[in-house]
Structure formats: C-alpha cells, structure tokens
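Trainee: First the structure, then my questions, so here it is.
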Amino acid sequence: MGEDAAALAALRARLDRRHRAELAAITAELERERGSLSQMLIDQGLASALSRAGVAPALVAGAAALLRPMMAVTGEGTARGLTARLPDGSNRPLTDFITDWAAGDGAAYLAAPDSHGGGGRPDMTGAPRRRRRADLGGPAERARFIREHGRSAYLELDP
C-alpha cells in the first residue's frame, strides 16, 4: 500500500508540473472573463436604473461614468446582484441607491418634465398659422368662401 501511495504522489507531482502553466493560463482567462462579465452587468444595470430614475437620455452615459467606480457585483451564479459601495463601507442595492441619488446629488441629471406650457398641446409646434386671403386661390374660391362664411370673415383674413 505504501508503494501505491508513493507512486500516486509521484504521478500527481509530475502531472502538476506538466500542467501548471496551462492551469495558470486557464485561470487567468477565467478571471478576465469574470471581469468583463462584471463590467457588462454593471454598465447595463446602471443604464437601466438611471433611465428608470428619469435621467435624461443624453446624460445617462455621463451619470453612469460618474457612478461606475462605486458599483460592485455581489453573489454567485444566478444569485448575482448589483450594489453600490458607499463611502462609509456599507453596501446598498443598486435600485435603492439610484433612487436616492436622483433625488439628491443626481437631480441635475434628470430630464425636464414633459410639459408643454400652460394649456399647450404636444402636437403643436408653435402658434397656428392664420389663414390668409392669398391662400384662397382664384376668384371662384374666394366667392365660395364669402358665401359660406360671410364678407366680414373674408375681410378678417390676413391679406
């Protein structure tokens, strides 16, 4: 039994030496892939959370660049989540952090409310163009307009 254990230890040491470089390369590649995956999760999570918080579309990339250093991927496998590392050393879930950030420091990044002024309609791009006498065309069309709307309406039209 002692010879078998010694032979097994020698075989293990020989295989370890033979494949050490290959194992190190695979481990390094795995770490690079994990880093890339974490960066993608952070970038997409930030963009999504910032958009949901109301950050102007043109400012999402800038806000994400500002906040990216604070983000971390936590958990393993399918239980991964994004958290913000706060200056006091604590962690907060990404959505909670972004909501608070948008209400405070990030308020300047928020999109303006979708308003169109007092009584304005979103389909209007400016003041409506008034109808002009010149738009009526020839004498027959002008006569028809006067018959339908009256002479005073015709005279109220812009020249």
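Trainee: For the condition free of Cβ contacts under 8 Å to residues at least 24 places away in the same chain, basic (Lys, Arg) and touching a helix residue (DSSP H, G or I) at 6+ places or on another chain (Cβ under 7 Å), what is the one hit in Arg85, Arg68?
Mentor: Details: Arg68 fails: free of Cβ contacts under 8 Å to residues at least 24 places away in the same chain.
On inspection, the qualifying residue turns out to be Arg85.
Trainee: With respect to Leu82, determine if the residue is assigned to a helix (DSSP H, G or I) and not β-branched (Val, Ile, Thr).
Mentor: Against the criterion (assigned to a helix (DSSP H, G or I) and not β-branched (Val, Ile, Thr)), Leu82 does not qualify.
Trainee: Turning to a different aspect of this structure: Among the residues of segment 62-71, is any among the aliphatic types (A, V, I, L, M), open to solvent by less than 70 Å² (accessible area, probe 1.4 Å) and assigned to a loop (DSSP other than H, G, I, E, B)?
Mentor: Checked segment 62-71: no residue is among the aliphatic types (A, V, I, L, M), open to solvent by less than 70 Å² (accessible area, probe 1.4 Å) and assigned to a loop (DSSP other than H, G, I, E, B).
Trainee: For Leu59, are the conditions met, namely being surrounded by 10 or more Cβ atoms within 10 Å (Cβ to Cβ) and in contact (Cβ under 8 Å) with a residue 40 or more places away in the chain?
Mentor: Yes, satisfied.
Trainee: Now, a different point. With respect to Arg20, is the statement that it is farther than 26 Å from Gly81 by Cα, open to solvent by 100 Å² or more (accessible area, probe 1.4 Å) and free of Cβ contacts under 8 Å to residues at least 40 places away in the same chain true?
Mentor: Working: farther than 26 Å from Gly81 by Cα: yes; open to solvent by 100 Å² or more (accessible area, probe 1.4 Å): yes; free of Cβ contacts under 8 Å to residues at least 40 places away in the same chain: yes.
Judged against the criteria, Arg20 is a match.
Trainee: Still on this model: In segment 33-46, how many are closer than 30 Å to Gly104 by Cβ and open to solvent by 40 Å² or more (accessible area, probe 1.4 Å)?
Mentor: Residues in segment 33-46 being closer than 30 Å to Gly104 by Cβ and open to solvent by 40 Å² or more (accessible area, probe 1.4 Å): 5 in total.
Trainee: If Arg80 satisfies all but one of (1) touching a strand residue (DSSP E or B) at 6+ places or on another chain (Cβ under 7 Å); (2) surrounded by fewer than 12 Cβ atoms within 10 Å (Cβ to Cβ); (3) not small (Gly, Ala, Ser), what's the number of the condition it fails?
Mentor: For Arg80, the failing item is (2).
Trainee: To continue, here is another question. Just wondering, is there one or more residues in segment 98-115 that are over 28 Å from the mean Cα position of the chain (by Cα), modelled with pLDDT under 85 and surrounded by fewer than 12 Cβ atoms within 10 Å (Cβ to Cβ)? Lay out the reasoning, then the answer.
Mentor: From segment 98-115, those over 28 Å from the mean Cα position of the chain (by Cα) are none; that's our starting set.
There is no residue in segment 98-115 that is over 28 Å from the mean Cα position of the chain (by Cα), modelled with pLDDT under 85 and surrounded by fewer than 12 Cβ atoms within 10 Å (Cβ to Cβ).
Trainee: From the list Leu11, Leu30, Leu15, Leu50, exactly one residue is open to solvent by less than 90 Å² (accessible area, probe 1.4 Å), part of a helix (DSSP H, G or I) and touching a residue at least 24 places away in the same chain (Cβ under 8 Å). Which is it?
Mentor: Answer to the selection: Leu50.
The values are calculated or read from the model by the stated rules, or taken from the named source; none is laboratory data. Bear in mind that the values here come from a model prediction, so they are computed numbers and not experimental data. Virtual Cβ from ideal backbone geometry, glycine too; neighbours counted across all protein chains shown. Surface areas here come from the heavy atoms of the whole protein model, side chains and all, with no ligands, DNA or RNA. Shrake-Rupley method; radii C 1.70, N 1.55, O 1.52, S 1.80 Å.
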